[in-house]
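Reading through the structure tokens given below for one structure.
Only the coordinates and a few stated rules stand behind these numbers; no lab work does. Computed from a predicted model, the values in this text were never measured in an experiment. Heads up, the Cβs are rebuilt from the backbone with ideal geometry, glycines too, and the neighbour counts pull from every protein chain shown.
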Amino acid sequence: MRILDKGARRDVLMGCAVLGCGGGGNLDRGLKQVEDFEERGLTLRLADLSEVPDDRMVGSPYYCGTISPEGSCPIDPSAVGLETVYSNEPAVAFQALEEALGTRFYGALATELGGGNTAVAMAVAAERDIPLIDADPAGRSVPELIHSTLSLGGVSIAPFAIATRYGDVIVVNRVANDARAEAITRSAAVLSGGRAGACDHPVTGARLKKAVVPRAISYAEGIGRALRSARELGGDPVSAVAEQAGGTVIFEGVVREDSRWEDRNGLTEGTILMDGGDRLRGRECRVDYRNEHMSARIDGEIVVTVPDLITILEQGSGRPVLNPVISKGMRLAVVAIPAPAAWRTPDGLRIFGPAYLGLDVEYVPVEVRFGLK
């Protein structure tokens, strides 16, 4: 177990934002959340999977909802006039699930890697003086609750807890399946201004170790460190990220028009169009997203789909960009990164492959498509 100092926390979150694939929550908000640790005298410890006792449980706190700008979601009539009761809904859900189970969680597990949702788990861990687990059940950011390697590993999502900013706290003891859990939690978010806090997949250390992506936080930290080092040494942060992550830059260009998006059933869906620059002049790239980037096309041909990662970074700075704020004239680079092995299994591809997007195409791993070693 090791302590993550301020620099390590920033590297982790920057790497998580890269792996957030345009979603995963707001990076600036996440950075502020963890920067508050030092002012409050909080310590964040990172525990390896091997350190989690087999008989102790962990929980996964997170925000569920759109990634649309704050205030852009319509207010449900039932919420008109209500005051904000909770400002940290995932922490409320985390405690509610502990109380329902009659236990104290050994640690907090990030539900995904993202600039916002990983920060949520970091904050819960620090505030409750428990470790953050060096793993996650996605290896990236994902759009829906059904996209979890815990579920692939047979770990039930229930019981789970939901908390809204208006003071609602709900514990669901049993649920028909993960799709129903997604619908229930997403509905709470839609009814609450586009977001709700949740905590799910309570799991013992013994089962956890067989059903998550190990060392996911350390992996993200390495990417964030590579990005920072490239900046400090005058290198190319985009190339540094691609190399550290085992991926490749597939396109560089200029955004043709402001990102077109809309909220659909509690998810932010949209399209990014880019015109190639320099050596790619005359070519175009289209990236479609559902909270996170789902597919990339170059000159009309699909070249990358989920579960592989598509992340968009600012040229020059290497900073990852959240989807809805992408605007005309931005100079961006598109990086493709191989997905964790769990998503490339038949079961993984069934729920998070091209078919999930309604695409009738074969999944081709990015290292095969682009000849990576």
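Positive-end ranking of ILE337, ILE351, ALA79 along the dipole of the chain, with charges on Cβ about the Cα centre, is headed by ILE337.
Rounding to the nearest 20 debye, state how big the charge dipole of the chain is about its Cα centre with +1 on each Lys and Arg Cβ and -1 on each Asp and Glu Cβ. Intermediate values should be presented prior to the final figure.
Values: 40 positive and 50 negative charges, 89 e Å.
Roughly 420 debye for the chain.
Entry note, the stretch 245-369: relative contact order of 27 percent, from Cα contacts under 8 Å with a spacing of 6+ residues. What FRET efficiency do you get for ASP275 and ASP55 if R0 is 56 Å and r is their Cβ-Cβ distance, rounded to the nearest 0.05? So, using R0 = 56 Å, E works out to roughly 0.50. Restriction of the trypsin sites (Lys or Arg not before Pro) in the stretch 274-305 to DSSP coil positions whose beta-carbon has at most 11 other beta-carbons within 10 angstrom yields ARG281. Relative to the Cα centre, the charge distribution of the stretch 245-369, modelled as +1 at Lys and Arg Cβ and -1 at Asp and Glu Cβ, gives a dipole magnitude of about 200 debye.
State which helices in the chain qualify, where a helix is a whole DSSP H run, it must extend 30 Å or more along its own axis by its Cα atoms, and its mean Kyte-Doolittle hydropathy must be at least -0.5.
Working: long enough: none.
Counting only whole DSSP H runs, no helix qualifies.
Our helix-only sum for the chain, with -39,500 (n - 2.57) per DSSP H run of n ≥ 4 divided by its residues, gives a mean residue ellipticity at 222 nm of -9000 deg cm²/dmol. Once both labels are positioned 7 Å from their Cα atoms along Cα-to-Cβ, the gap between ILE75 and GLU243 label points is 5.2 nm. Taking all Cα pairs closer than 8 Å and separated by 6 or more residues, the relative contact order of the stretch 2-214 comes to 32 percent. Under the combined filter of DSSP loop state and at most 13 neighbouring Cβ atoms within 10 Å, the stretch 282-371 retains these GluC sites (Glu not before Pro): GLU362. Note on LEU82/ASP36: beta-carbon distance plugged into 1/(1 + (r/R0)^6) with R0 of 22 Å gives a FRET efficiency of 0.25. When only alpha carbons of the stretch 240-373 are considered, Rg and Dmax amount to 14.3, 41 Å.
To the nearest 20 debye, what is the magnitude of the charge dipole of the stretch 176-294 about its Cα centre, counting +1 on the Cβ of each Lys and Arg and -1 on the Cβ of each Asp and Glu?
For the stretch 176-294, the charge dipole is close to 500 debye.
In whole percents, the pair-distance distribution calculated for the chain from its alpha-carbon pairs, binned every 20 Å from zero, is 31, 60, 9, 0.
Counting only aspartates and glutamates at least 8 places from LYS32 when in the same chain, those with an alpha carbon closer than 18 Å to its own are ASP5, ASP11, GLU70, GLU89, GLU127, GLU221.
Legend: calculated FRET efficiency, GLU99 to PHE370, from the Cβ-Cβ distance at R0 = 56 Å, rounded to 0.05, equals 0.70. Projecting the Cα atoms of TYR106, GLY316, VAL255 onto the charge dipole of the chain, computed from C-beta unit charges around the Cα centre, puts GLY316 farthest toward the positive end.
Modelled spin labels at ARG2 and SER218, positioned 7 Å past Cα toward Cβ, are 0.8 nm from each other. Restriction of the trypsin sites (Lys or Arg not before Pro) in the stretch 78-181 to DSSP coil positions whose beta-carbon has at most 11 other beta-carbons within 10 angstrom yields ARG174.
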